[in-house]
Amino acid sequence: MNQNPPASPLHIGWRTIKTAVAATLVAMAYCAAGRNPAFACIGVIFGIGADMQDSIKNGGNRLFGTLIGGLLSIAVFRLYLIFFPHGGHTVWLALFLGLGIVALIQLCLVYWPGGVQPGGVVLCIVLFSTPVESYVSYALNRIFDTAVGVIVALLINYFLPRKRVVTLWERVQGFKNS
């Protein structure tokens with residue numbers, strides 16, 4: 001017999017609202033600037049945590065993982081192009097990926113252990129989905145966009161923590177009920 005209580009009604013919490021507002025603002029700013037907002041918005045989504053400590057951990061994982069993976073992908077791809085100047089998806093590129101993953105994990109263990117997964121994503125995307133002529137700018141743009149998103153998320157969480165918003169909301173309700 002199932003003894004679990006019934007699911008509570010749908011509740012949209014403050015973290016959900018902050019995430020949606022921050023991502024929307026970042027996307028609007030990027031669209032106005034003629035840039036693709038996808039990676040900045042991903043940075044926002046990773047960066048909004050339950051509190052500042054959670055935001056720093058999750059946003060930091062995304063930011064430093066992207067930074068390490070992005071810079072490493074430039075180095076690994078450049079090394080690959082020395083041997084295969086026209087690029088292309090070869091078994092050799094897969095071997096370079098393996099070496100890159102070893103380097104990524106070692107660098108993350110030293111600088112930011114939580115960065116392995118996001119760093120690995122950037123490494124794979126740059127090596128296997130980026131044209132030879134744009135791999136450097138692509139990697140640098142991913143680092144920049146992620147940094148923008150994470151910084152916006154941290155600022156939102158810093159200036160609008162739950163405690164401050166609840167206090168403000170209670171004041172508004174008090175004025176409304178008077």
Value at 222 nm in deg cm²/dmol, rounded to 500, when DSSP H runs of n ≥ 4 in the chain each add -39,500 (n - 2.57):
-26500 deg cm²/dmol
If you look at just the Cα atoms of the chain, how large are its Rg and its Dmax in Å?
20.8, 76
Treating the beta-carbon of each Lys and Arg as +1 and of each Asp and Glu as -1, no other charges, what is the dipole magnitude of segment 15-170 about its Cα centre, to the nearest 20 debye?
280
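No lab work stands behind these numbers, since they all come straight from the coordinates. The shown structure was predicted, so the numbers you read here are calculated from the model rather than taken from an experiment. Backbone-built Cβ (ideal geometry, glycine too); neighbour counts: all protein chains shown.
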